[in-house]
1. Is it the case that some residue within region A:124-133 is touching a Gly at 6+ places or on another chain (Cβ under 8 Å), within 10 Å of another protein chain (Cβ to nearest Cβ) and open to solvent by less than 20 Å² (accessible area, probe 1.4 Å)?
2. Give A:Trp146, A:Trp152 a once-over and let me know the one that is closer than 24 Å to A:Ser166 by Cβ, away from chain B (no Cβ under 11 Å) and open to solvent by 10 Å² or more (accessible area, probe 1.4 Å).
3. What tally of residues in region B:16-28 results from selecting those that are open to solvent by less than 70 Å² (accessible area, probe 1.4 Å) and over 16 Å from B:Leu69 (Cα atoms)?
4. Collect the residues in region A:100-119 that are in a loop (DSSP other than H, G, I, E, B) and of a type outside the set (A, V, I, L, M, F, W, C), keeping them in residue-number order.
5. Could you check region A:155-180 and list, in sequence order, the residues that are at the interface with chain B (Cβ under 9 Å from one of its Cβ atoms) and among the charged types (D, E, K, R)?
6. Can you name the residue in region B:124-161 that is among the small types (Gly, Ala, Ser), in contact with a helix residue (DSSP H, G or I) (Cβ under 9 Å, 6 or more places away or on another chain) and part of a helix (DSSP H, G or I) and, of all such residues, is farthest from B:Leu55 (Cα to Cα)?
7. Checking A:Ala39 against (1) in a loop (DSSP other than H, G, I, E, B); (2) under 23 Å from the mean Cα position of the chain (by Cα), which single condition isn't satisfied?
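The values are calculated or read from the model by the stated rules, or taken from the named source; none is laboratory data. Everything numeric here is computed off the predicted structure, so don't read it as measured data. Don't worry about glycine lacking a Cβ; one is built from the backbone with ideal geometry, like all the others, and counts go over all protein chains shown. With ligands, DNA and RNA removed, areas are computed over all heavy atoms of the protein, side chains included. Shrake-Rupley method; radii C 1.70, N 1.55, O 1.52, S 1.80 Å.
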Amino acid sequence: MELFANLLGKIEALSSQNVLILSSLIMALIMALVMAACAIVFTWMERKVAAFLQSRYGPMRVGHWHGVAQPVADMLKILQKEDIIPAEADRTLFTLAPVVIFIGSLLAWAAIPFAPGFIASDLDLGLLYIFAVSSLAVIGILMAGWASNNKWSLYGAARGAAQMVSYEIPLALSTVPVVLYTASLNMNDIVIAQQGGVANWFLFRDPFLFVAFVVYFICSIAEVNRGPFDMPETESELVAGYHTEYTGMRWAFFFLSEYANLFLVSCIATAVFLGGWWAPIPGLPLAPALNFIVKSVLLVFLHMWVRWTLPRLRVDQLMYLCWKVMIPIALICVIGSGIWLMVSGQAS
Amino acid sequence: MEVILFYFCGALMVIAGAMMVLSRNAVVAACWLIFAFINAAGIYATLSAPFLAVLQVLVYAGAIMVLFLFVVMMLQGPVLAGERRRLRPWLWPFLLLPPLAILLTVAGFLRRADNTSFPVAAPAGFGSAEQVAGLLLSRYLLAFELISIVLIVAIIGSLALGKVDRRQPWK
């Protein structure tokens, strides 16, 4: 982190416009590397967590310790695979779809504050921007499903689009109580407002915020299409859903975006509810970025725990949960937090 | 810088719009329209309206176009691949419009390439979420509330029209 801070300081010192473009490019590169690192670390972690929850060992051979080199072996395998485009597919949209999904998740990283000053773009509308650009991924899923010209793909895409568009609403609504407290959509402001120990995290500020966090967590599972809400890619019904026809590197792009999105929703939860880069106990000598990443990885572990524990829902149950349970609860949280703010006199 | 981005997004938007009209495939046309909307967001962003830009992506590109794509994908039959129709002669002049629009955009850009910022800078905080919210909840409160009533009526209406009678599901 020293190195990053140093680099960033140098970039900021030369703040002419050309350098601005250069520094943006460097930050974009760093974020793309973060995404790649997500895929590498979390594929290994997912296997180990799944194995742990099912009383198995998981990968043990590749690399000397607990199969740590397994993702590298996987990557080499994927790179060698043949790139197949179905004869009846719409070639342009088929090749474009993984790129659209990848861009949708890469763009959102621009507004994630990993440490004080370490944010690619300090937008005033950060939170709204993240929700806006991550909704672009739905278009990529629909393109992939339709262009494959395969009924399983189309079903998967239709389910994915319906699910993601629906769950976006409670996901965004559950962060509104926090915005009421900070009166700002800037991600840096939101984190700075939680300075101090655990008690100052938005998670514990009032009971409604705690409920809002639970709503956010459940909806974020649905938003990244993971179990028990993995309707778009149910392997027992739809082969593999919208990416049934994809092979090799193109498939790897879907995979990469999925794990990057998993880490992204965890990072948003960390920044918005769990105090961002602040240590749990004030004055603890921990690097801010380390705090942030450890909290986010713990949330990712929670996602994996849920995935390998709970059975899958039916499509109608999924929609029922969103429209008749999650959205009303999120709305109550917004109103409740507003009243709590007014009564306790914390309104800014 | 902003001016370059403004004209860049403008030119891309014109191209995307033209391609949307000219595509033979409804799904491809919808994708071009999404691209046009994203460029419109870029134009808003360069014109000091960041809130509008984000909403443009969130509402139009992210939600409404997903609905469009959904409907087009479900309703469309086989792809109209081999079918080619001749353009009617009286329509030929209209083919000049997109290149003309791009030409005008480029000409406008070249005329004022000497300075790379807009002549009149917007005041600080212009177009931010606070200002938009302030206007909506004070000056335009009545219109804002009326629109929400209209939307609720529309939702209830579509629910009533689309509801399937459980006793007579064939109707």
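1. Yes.
2. After applying the criteria, what remains is A:Trp152.
3. Here the count works out to 3.
4. A:Pro113, A:Pro116, A:Gly117
5. A:Glu168
6. Residue satisfying both the conditions and the ranking: B:Ala143.
7. All conditions pass for A:Ala39, except number (1).
The rows are residues; the columns are (1) modelled with pLDDT of 85 or more; (2) open to solvent by 30 Å² or more (accessible area, probe 1.4 Å); (3) outside any helix (DSSP H, G or I).
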| residue | (1), (2), (3) |
| --- | --- |
| A:Ile21 | no, yes, no |
| A:Met35 | no, no, no |
| A:Thr43 | yes, no, no |
| A:Phe52 | yes, yes, no |
| A:Ser55 | yes, yes, yes |
| A:Val62 | no, yes, yes |
| A:Ala73 | yes, yes, no |
| A:Leu76 | yes, yes, no |
